Amino acid sequence: RIKELCQQFPHGITDQVIQNDMPHLEPQQRAMAINKLLSLGQLDLLKNSSGLLYRMKDLQSTSKMKGSDNQEKLVYQIIEDAGNKGDTTKSSSCWFVGLFPTSLVFTSRV
């Protein structure tokens, strides 16, 4: 059911959305289901200003990121989220995640 919710809300769902949709599910059961989807690589865990978001993995971006470590995936996510507005090493998103300019490798978007 979590996967169905993620498909209904492609920008991501919060834990509250899951709780509202499945009130009978205990927090431990909910956490186990989410962790299983995360470990299988079917779900992305994102963080925004309002908290954690769960989103179905995009198969296209998954193939682009194959073999990348978590830090590289995080930088890629920041770039993707920035879209056309851009992002710099001095912006809050790079500093927020603890990535310093010396640890970033810049690539051009295709």
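The values are calculated or read from the model by the stated rules, or taken from the named source; none is laboratory data. Everything quoted here is computed from the prediction, not taken from an experiment. Glycine also receives a Cβ, built like all others from the backbone with ideal geometry; neighbour counts cover every protein chain displayed. In case anyone asks, the SASA skips ligands and DNA or RNA and just uses the protein heavy atoms, side chains included. Shrake-Rupley method; radii C 1.70, N 1.55, O 1.52, S 1.80 Å.
Please list the non-local residues whose amide H lies under 5 Å from the amide H of M56, H modeled 1.01 Å from N, same-chain partners needing a gap of 5 or more.
Those qualifying (amide H under 5 Å, at least 5 residues apart or on another chain) are D44.
With every protein chain kept in the model, how would you rank M32, M56 by accessible area, 1.4 Å probe, largest at the top?
Values: M32 120, M56 50 Å².
Result of the area sort, largest leading: M32, M56.
When the accessible area of the stretch 1-56 is split by element with a 1.4 Å probe, what percent falls to carbon and sulfur? Before the final figure, lay out the partial values.
On the way: 1980 of 3770 Å².
After summing per-atom areas, the C and S share lands at 53 percent.
How do K66, K36 stack up against each other in accessible area, from largest to smallest, with a 1.4 angstrom probe?
Values: K66 175, K36 125 Å².
I get K66, K36, largest accessible area first.
Stretch R55-K36 to full length: gain in nm at 0.36 nm per residue minus the Cα-Cα span? Before the final figure, lay out each step's value.
Details: separation 19, 0.36 × 19 = 6.84 nm, distance 1.38 nm.
This chain segment gains 5.5 nm when fully extended.
Tabulate in residue order the Karplus-calculated ³J(HN,Hα) for the stretch 4-14, using 6.51 cos²θ - 1.76 cosθ + 1.60 with θ = phi - 60°, rounded to whole Hz; enter x for Gly and Pro.
5, 4, 5, 6, 5, 10, x, 7, x, 10, 9
Add +1 for every Lys or Arg and -1 for every Asp or Glu among the other residues with Cβ under 12 Å from the Cβ of V17, and state the total.
Working: positive: R1, R30, R55; negative: E4, D15, D21.
Combined, the nearby Lys, Arg, Asp and Glu give 0.
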